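Just below is one structure, and these are the notes that go with it.
The values are calculated or read from the model by the stated rules, or taken from the named source; none is laboratory data. Everything numeric here is computed off the predicted structure, so don't read it as measured data. Cβ: placed from backbone, ideal geometry, glycine included. Neighbour counts: every protein chain shown. With ligands, DNA and RNA removed, areas are computed over all heavy atoms of the protein, side chains included. Shrake-Rupley method; radii C 1.70, N 1.55, O 1.52, S 1.80 Å.
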Amino acid sequence: MADLGNISLLLALALGIYSATGSMLGVWQKSPQLVQSALNATYLTPLALGVATASLVGAFVSNDFQVEYVAAHSSLAMDTQYIWVAFYAGNEGSLLFIAFALSMMSALVIFFGSRTIQASLPHTNLVLMIVLMFFVAVMIFLANPFARLDIIPLDGQGINPLLRHPGMFIHPPVLMTGLITFAVPFAIAMGALISGKTGDEWVDAGRTWGIIAWIILGAGNLLGMWWAYTILGWGGYWGWDPVENSSFMPWIVMTAFIHSIMVQKRRGMFRMWNPALIIIAFGFAQFGMFINRGGPVPSVHSFGQSTLGWIFLLFMGLTMVSSFCVFFMRYSSLKSTRNLESALSREAAFLVNNLLFLTIAFVTLWGVIYPLISDIFQGEIITVGAPFYNQVNGPLFLLLIFLMGVAPFIPWQHASWLNLYRALMMPVVSAIAVAVILVLAGVTKPWAVIAFGLCALVVAGILREWVRGALSRHKRGESYPVAFARLIAGNRPRYGGYVAHLAIVLLALGIAGSSFYEVQRDIVLSPGESADVGDYTIKYVGANALERADRTEARAEVQVFREDNFLGSYYPQRDFYPAFNMASTKAAIRSTPIEDLYIIPGEFLEDGRAIFRVHINPLVMWIWIAGPLLFLGVIVALWPQKEVATAYARRPSGGTAASSGIVTK
Amino acid sequence: MYCDAKKVMDTVTIERDNPTWKVLLTLTLIAVIAVLFIIVAGCASSSKTLSQDDLEAMAQGIDKGLMCPVCPSETIDQSQVQIANQMQMIVREKLAEGESQDEIFQFFVDRYGAGILAEPPKSGFNLLIWIIPPMVLLLGSGVLTMIVLAMRRGHHGQVEEELPTASADMEPYLSAVDQEIRRLTQESTRDTTKDGPNIQSFEGKVE
């Protein structure tokens with residue numbers, strides 16, 4: 001098995017080298033056959049890496065402990081289903097997974113790009129293959145998943161207990177796929193730059209793949225939050241940990257990109273800015289992989305510690321330097337054909353959006369590297385924890401939500417104050433009304449009121465637009481559901497964007513609710529005793545222990561009451577793994593749209609008492625609902641449609657914008 | 001001359017019986033009142049005496065600000081190891097003895113160094129981490145403003161591109177506006193050159 005794996009890795013390297021040099025020489029010699037042959041080699045890379053993947057899985061299944069990686073991450077007692085998780089529990093397997101994912105993405109790009117970005121496809125292929133070769137070469141020379149031990153151990157060391165959770169089956173692979181997919185829009189943009197096709201040819205493909213990478217990484221992050229919430233047992237979902245930050249930063253920069261690329265798609269502007277932005281986004285994605293593979297900062301995610309990270313830092317440095325060299329070589333051809341007409345226009349609003357997103361990314365990066373700076377200059381490692389990010393990024397996020405409520409209703413080219421007044425009167429009044437009602441209802445923390453008010457602004461603006469659009473179609477004789485469906489279908493990037501904005505509002509609601517109004521209590525109970533937390537009464541019934549091959553499962557039974565109504569029995573659980581001297585908890589969560597009751601078993605004492613930590617987390621459920629809604633928005637936005645006739649046909653309240661345009665003439 | 005400018009404004013404001021600025025002013029007033037209301041309400045609710053629950057809430061706030069010394073990247077509030085629990089006990093004891101949050105933080109900093117704090121101190125060298133982000137935002141805003149200005153200047157040199165025609169039912173209305181403007185422009189050019197700046201400033205507004 002291991003031999004087969006090694007051979008297929010070498011084969012993948014050979015294919016990558018052939019494909020890269022072939023596409024380069026083919027362009028050089030103007031030989032379409034050679035280029036085609038190189039692209040065909042790209043189609044074969046997923047095959048070679050698929051065989052490598054299969055052989056590692058085979059080694060896990062057959063408990064081949066001579067393979068060092070299997071011995072380190074598996075054991076005879078491990079359930080078969082955890083092979084999937086054990087596969088990427090360490091660096092070597094993760095690298096194989098990432099390379100396999102990248103090879104599949106590359107094949108898809110070549111397949112779908114053959115029509116849209118034909119002229120720059122060989123160059124895009126070159127960039128993709130260089131990235132792929134890097135991963136394969138690191139595996140072959142530095143972190144081989146098929147490396148052998150001299151002696152064959154009788155049993156493996158087993159899998160890290162924290163990884164034994166349903167979330168672990170999807171969170172890491174989705175996250176890794178998301179990070180590596182950033183290479184695709186990067187390669188498309190670089191392909192355009194290298195080939196000199198610096199116009200708008202690459203924009204549609206770049207946007208599509210940018211959004212795909214964005215949603216995969218976003219899903220990976222959300223799944224990670226869910227995993228943290230349900231298993232790490234501290235009642236929260238986001239800790240601004242360096243590794244979380246390292247997958248958050250590329251996501252934020254990509255968010256900026258998928259907004260600003262719309263300006264190039266619609267208006268042919270920002271031709272210089274968009275390639276620069278995607279280079280930065282890929283740089284952050286590489287930085288993320290560097291931190292993940294054993295970077296210099298402490299983290300709760302330190303599963304695969306090694307010095308491998310520095311190779312990634314080197315690769316990131318080389319990528320950034322060479323990309324920006326290419327960028328500056330093409331600098332003069334990247335001038336926009338059009339200029340900004342007014343500071344009060346959708347284009348300008350997109351610029352502000354980009355500024356805010358990039359500032360958030362920078363603040364986060366600054367927080368991640370500051371401990372190193374502090375260590376160098378004052379010899380003391382300072383912790384940069386959640387309070388820093390909440391204080392600095394929090395207000396920036398509120399500004400972004402405000403922009404999200406206002407910017408979609410500013411017309412392209414130039415708006416007048418009257419346009420704005422007409423579009424925003426109703427949303428602003430609703431937002432203020434919501435804020436006042438909340439204060440009267442007892443929500444008095446100023447930041448919370450502002451956050452909820454801004455959410456109301458966004459929702460009211462979007463609903464107003466939907467209702468108006470559907471009504472005007474209804475007047476032309478369509479029934480309401482048909483009118484609404486055709487409205488959405490009529491301009492999918494726009495209305496898909498609105499759905500995504502609504503999802504972000506849900507996310508913001510959940511985050512604001514749970515961070516401003518969280519309640520936490522530690523209670524110690526003997527069996528039969530009960531305690532009050534908030535409105536709830538929690539009664540500890542008892543616990544039982546179950547001995548398993550590798551762990552002891554202690555499961556407590558608690559009954560929850562509110563105002564003497566029995567709400568149900570819940571079973572928080574704590575598993576202890578003697579081999580690792582480590583415990584993992586499964587919180588019992590009673591989730592409602594208003595709030596979550598969250599019970600973690602802290603410790604079971606000798607005298608039969610148990611310590612529970614109880615949280616009441618308002619609105620958290622909406623964070624998880626935001627995920628599928630975000631996905632829906634992306635599907636709507638990406639669903640193919642015939643191009644909208646002109647860029648200006650669909651601006652909101654177009655009549656007045658046009659009239660002000662005529663006035664300037 | 002001043003009157004002239006006002007007349008121009010009046011005629012061009014597209015809906016005369018809907019004075020935008022009045023509404024904007026009202027909205028601003030409402031917003032200001034709402035914010036004041038929120039602040040007052042917030043202050044009113046926070047001026048209660050300290051109960052046991054408030055002490056616990058304060059203790060939890062302090063827990064969130066202290067890192068667990070043995071586990072990477074977790075506060076003592078999150079961590080479930082023994083030393084974190086002991087530190088939580090110390091926090092509660094000291095609060096009960098009447099020590100302030102800063103005194104408690106200082107107690108732990110003396111023992112473990114400044115790295116025990118989750119939030120970098122806002123003093124000395126560490127001011128750097130707090131100052132850089134707003135400076136970057138300011139710098140970014142400055143660059144952005146310059147870009148916008150430069151791009152707009154570039155625009156004035158360009159030929160105005162073809163604008164989309166508005167919907168058919170707006171057409172008669174718009175041509176009326178056009179005529180009105182042509183008439184006014186002619187009128188003002190017939191006046192002395194002093195009126196030049198007024199026309200310009202009005203054009204800037206409409207854009």
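Numbers for the structure displayed
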| read-out | value |
| --- | --- |
| Spacing of the two label points (7 Å from each Cα toward its C-beta) at residue A:564 and residue A:531, in nm | 2.5 nm |
| Potential extension, residue A:467-residue A:604 segment - 0.36 nm per residue separation minus Cα distance | 43.7 nm |
| Euclidean distance of C-alpha centroids, the range A:572-622 and the range A:202-274, integer Å | 31 Å |
| Cβ-Cβ FRET estimate between residue B:24 and residue A:30, R0 fixed at 60 Å, reported to 0.05 | 0.45 |
| Per-q log10 I(q)/I(0), the range A:58-131, q = 0.11, 0.18, 0.28 Å⁻¹ (Debye; single scatterer per alpha-carbon; no solvent) | -0.44, -0.72, -1.22 |
| The range A:183-298 - Rg over Rh from alpha carbon coordinates, Kirkwood radius | 1.06 |
| For chain A, the longest site-free run once GluC sites (Glu not before Pro) in DSSP loop states with at most 11 other Cβ atoms within 10 Å are removed | A:1-562 |
| Cα Rg, Dmax (largest Cα-Cα span) when computed across the range A:395-523, Å | 17.1, 63 |
| Rg and Dmax of the protein assembly as shown, Cα atoms only, in Å | 30.3, 102 |
| Cβ-based net charge around residue B:106, under 12 Å, with every Lys or Arg adding one and every Asp or Glu removing one | -2 |
| Entries of A:30/A:335; A:586/B:94; B:64/B:94; A:445/B:64; A:197/A:265 with Cα pairs more than 22 Å apart | A:30/A:335; A:586/B:94 |
| Cα-based convex hull, the range A:464-545, per residue volume (Å³, whole number) | 210 Å³ |
| Distance in nm between pseudo-label sites at residue A:417 and residue A:638 (7 Å out along the Cβ direction from Cα) | 4.3 nm |
| Label-point gap, in nm, between residue A:548 and residue B:139 - each point 7 angstrom along Cα→Cβ | 5.2 nm |
| Calculated FRET efficiency for the pair residue A:396/residue B:127, C-beta based, R₀ 22 Å, to 0.05 | 0.65 |
| Where a label projected 7 Å from the Cα of residue A:37 along Cα→Cβ would reach, residues of the range A:120-139 with amide N under 12 Å | none |
| Label-zone membership for the range A:1-25, site residue A:148, 7 angstrom Cα→C-beta point, backbone N under 11 Å | A:1-4 |
| Per residue accessible area of the protein assembly as shown, 1.4 Å probe, in Å² | 45 Å² |
